[in-house]
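Have a look at the structure below, then the notes.
Values in this text are rule-based calculations from the coordinates and carry no lab data. The structure presented is a predicted model; accordingly, all values stated were derived computationally and were not measured.
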Amino acid sequence: QVQLVESGGGLVQAGGSLRLSCAASGSIRTLNDMGWYRQAPGKQRELVATITSGGTTNYADSVKGRFTISRDNAKNTVYLQMNSLKPEDTAIYYCNADGIRSWSMRRFDSWGQGTQVTVSS
């Protein structure tokens, strides 16, 4: 089984910064793409940013230039640095990762439990 544990959410004023972390653990042979998604009240979950094992990144237009995704492959951890936060960034942020399990060699696609980010105006 593969677990993803997020941390770093909280309450911040508009214009402020937060850094989210997500550590993957368990029976992992290969960790491929990792990413962050968010879901605001009454809205569908949406992509925020993704990063491949080789470091190629992809961002939602709404966060380009403000958010930076990075990863530490040695620690199986992905980060999301969020700067110039806006009230519309308020949401539950979820970590996602896919890869190959150690023993079964089967693919996995796992989600974290989510961390709340609230930006006050």
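Rg over Rh of the range 1-43, using C-alpha atoms and the Kirkwood radius, what does it come to? Let's see the in-between values first.
On the way: Rg = 13.9 Å, Rh = 13.0 Å.
Reported Rg/Rh (Cα atoms, Kirkwood Rh): 1.07.
Would you calculate the volume per residue, in Å³, of the smallest convex hull containing every Cα atom of the range 43-100? Could the numbers behind the result be given before it?
On the way: hull volume 5.6 nm³, N = 58.
Taking only Cα atoms, the range 43-100 has a hull volume of 97 Å³ per residue.
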If you average 1/r over all unlike Cα pairs in the range 10-66 and invert the result, what Kirkwood radius do you get in angstrom? 13.7
Expected vector for the range 85-97, Karplus 3J(HN,Hα) from phi with 6.51, -1.76, 1.60 and θ = phi - 60°, integer Hz, x for Gly and Pro, equals 5, 10, x, 6, 7, 4, 4, 8, 9, 10, 8, 9, 8
Students often forget the sequence filter, so: which lysines lie under 19 Å Cα-Cα from K43 once same-chain residues fewer than 8 apart are removed? K86
What are the ³J(HN,Hα) couplings of the range 21-33, residue after residue, when phi is run through the Karplus curve with 6.51, -1.76, 1.60 and θ = phi - 60°? Round to Hz, x for glycine and proline. 10, 9, 9, 9, 9, x, 7, 10, 8, 9, 10, 8, 6
Taking amide H positions as placed in the peptide plane 1.01 Å from N, state which residues far from N32 in sequence (5 or more) or on other chains have amide H under 5 Å from it. D98, G99, I100
Taking the reciprocal of mean 1/r across every pair of different Cα atoms in the range 81-121, the Kirkwood radius in Å is 12.5
Vicinal HN-Hα couplings computed from phi for the range 107-116 (Karplus, 6.51 cos²θ - 1.76 cosθ + 1.60; Hz; Gly/Pro x): 6, 10, 9, 10, 10, x, 7, x, 9, 7
Estimated Rh, the range 15-121: Kirkwood, alpha-carbon pairs, angstrom: 14.3
Taking amide hydrogens as modeled 1.01 Å from N in the peptide plane, which residues meet the under 5 Å criterion relative to G114, leaving out close sequence neighbours? E6, C95
